[in-house]
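Right, one structure below, let's go through it.
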Amino acid sequence: MTVYRQGLLKSPMAFLKVAFGLLITVSLAHPGLGFGWGFGGAPSYGLFPQFYQFSCPQADDIVMSVLDKAIAKEPRMAASLLRLHFHDCFVQGCDASVLLDDSATIASEKNALPNRNSIRGFEVIDEIKAKLEEACPQTVSCADILAMAARGSTVLSGGPSWELPLGRRDSKIASLSAANNNIPPPNSTLQNLIALFQRQGLDEVDLVALSGGHTIGVARCATFKQRLYNQNGNNLPDETLERSYYYGLKSVCPKSGGDNNISPLDFGSPVKFDNLYFKLILWGKGLLNSDQVLLTGNVGNTMELVKAFAEDGNLFFEQFAKSMIKMGNINPLTGFNGEVRKNCRLVN
Ligand code: HEM
C-alpha cells in the first residue's frame, strides 16, 4: 500500500497486478508452503501442472529418462507402472500408500489380495526417487512420481499424453484392508465394478475408459481361470468366451496348476497402447471377466461405450486422458498434510 501511496504504482489496478504476480511467484517457488490457486479467502490446496516449475523443473525429464531405459529393457514395465498408480489411488487416495513396505507400524498394501505376487515396478520407482533426491532433495513426492510414471508409461507405449496436475504429498500410513476392499477383483460383476468406481467418485465412462489400460500388460491364470473351467459353478466355461480364444487360453492355463502362467490382456498388441482392447471385447476375446462384462453385463451404458471406443481410437485416447486426471485427483494429501518421503518405501 505504501508503494501505491508513494505513486510508484500509478493505479490500484497496477498495484493489484504486481501483488497478484508476487503471490504466484511465491506460491510456485515454495509449493511446500501450501499456497494453491485459492485467491481470496483461505488458500486452496488443489493440484496444478506447474507445481515443480521452480522447485524441480527437471522432475519430469528425470522420470522420463529412467522410464525410457526401463521400458526399453522390458516393455511390460509400462503396464506395471500404470497399474501401480491405479492401485495407489483406489486406496485412501493417490498418496503413495501402495509403496510402503511392512514395518512395525505399517501393514503393507503389497500383501493385499489384489497386490500380492502381482503388482510390480517398485525398483523403477526407487531409481526415479533416488535420482530426484539427488537433483532436488525432499521436493518431489512419491505419489507424484507414480502419477508421472503412469503418464510417461502410457506415452512411451504409444498412448495419449495429458497435462498432469501435481502437488500430491505422501501418506504416513497404509491400509491393507482398504486395498482388499476397494480394488475391484477380476471376477466382478458389472454392477460391482460400477459401485467400486463410484465409491472413488468415478462414473461409468471412467470405468470403461480406464479399463482400456488393459490394452497393455498381462494377467496370471489365477485371475481368469474360473472362466475356463467353472464360470457359474456348473463346471462349464464362460459362454461369452469366443471358442478359439478359449482353446488358446486352456493351453496356457491347465485345470490344475499353472496359476502363475501369464497371458496378455490384449493379445493382439500387448505392449502397444491402442484401442484393440475394445475390439477384442466385441469379438468375445476379453481376458478377464471384468473386461468382458463391460459389453455383456447389461447395466447402464457400458456396452455403448465399449463400441464407441472400439470404433474411434481418438475418442478413447481423449477420454482415457480425462479419466486418468480424474483418477489422479482422488483424495490427494496437499498443503501441510502428509510429507515428502525421502525413500518411497518408508515414512520419514
Ligand atoms: C475395472 C477394474 C479392474 C480390474 C478388475 C482389474 C484387474 C486386473 C487384474 C486381475 C490384472 C492381472 C493381475 C495379475 O495377474 O497379477 C490386471 C492387470 C493390469 N491392470 Fe487392471 N484391473 C482393473 C482396472 C484397471 C485400471 C483402471 C487400470 C489403469 C488405468 C489397470 C491397469 C492394468 C494393467 C496395465 C495391468 C497389467 C499389469 C502388468 O502387466 O504388470 N487396470 N488388472
From the set of residues in region 111-129 that are among the acidic types (Asp, Glu) and more than 14 Å from the ligand (Cβ to nearest atom), which is surrounded by the most Cβ atoms within 10 Å (Cβ to Cβ)? 126
Filter region 50-80 down to residues that are within 16 Å of the ligand (Cβ to nearest atom) and touching a residue at least 24 places away in the same chain (Cβ under 8 Å), then give me how many there are. 9
Can you find, within region 196-217, the residue that is farthest from the ligand (Cβ to nearest atom) among those that are among the polar types (S, T, N, Q) and either out of contact with any helix residue (DSSP H, G or I) (no Cβ under 9 Å at 6 or more places or on another chain) or in a helix (DSSP H, G or I) (or both)? 198
Identify all residues within region 202-220 that are hydrophobic (A, V, I, L, M, F, W, C), within 14 Å of residue 288 (Cα to Cα) and surrounded by fewer than 20 Cβ atoms within 10 Å (Cβ to Cβ); write none if there are none. 218, 219
For region 188-209, does any single residue satisfy the condition of being small (Gly, Ala, Ser), over 30 Å from residue 342 (Cβ atoms) and under 17 Å from the mean Cα position of the chain (by Cα)? yes
Looking at 32, 36, 40, 46 in this structure, which one is under 19 Å from the mean Cα position of the chain (by Cα) and at pLDDT below 95? 46
Tell me, yes or no, whether region 301-310 has at least one residue that is outside the structural domain of residue 204 (by TED's automatic domain parsing), over 30 Å from residue 261 (Cα atoms) and either without any contact (Cβ under 8 Å) to a residue 60 or more places away in the chain or among the hydrophobic types (A, V, I, L, M, F, W, C) (or both). no
Which listed residue is touching a helix residue (DSSP H, G or I) at 6+ places or on another chain (Cβ under 9 Å), more than 11 Å from the ligand (Cβ to nearest atom) and of a type in the set (Phe, Trp, Tyr), from 247, 277, 229: 229
How many of the residues making up region 168-185 are within 16 Å of the ligand (Cβ to nearest atom) and of a type outside the set (Gly, Ala, Ser)? 6
Taking region 179-201 as the search range and keeping residues that are more than 22 Å from residue 145 (Cα to Cα) and hydrophobic (A, V, I, L, M, F, W, C), which one is surrounded by the fewest Cβ atoms within 10 Å (Cβ to Cβ)? 195
Every residue in region 232-251 that is surrounded by 13 or more Cβ atoms within 10 Å (Cβ to Cβ) and free of Cβ contacts under 8 Å to residues at least 40 places away in the same chain, please. 237, 246, 248, 249, 250
Which of the residues that make up region 84-110 are crowded, with 24+ Cβ neighbours inside 10 Å and either within 16 Å of the ligand (Cβ to nearest atom) or without any contact (Cβ under 8 Å) to a residue 24 or more places away in the chain (or both)? 84, 85, 88, 89, 90, 91, 94, 98, 99, 109
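The values are calculated or read from the model by the stated rules, or taken from the named source; none is laboratory data. Quantities reported herein were computed from a predicted structural model and do not represent experimental measurements. For neighbour counting, all protein chains shown are included, and Cβ atoms are generated from backbone atoms with ideal geometry for every residue, glycine included.
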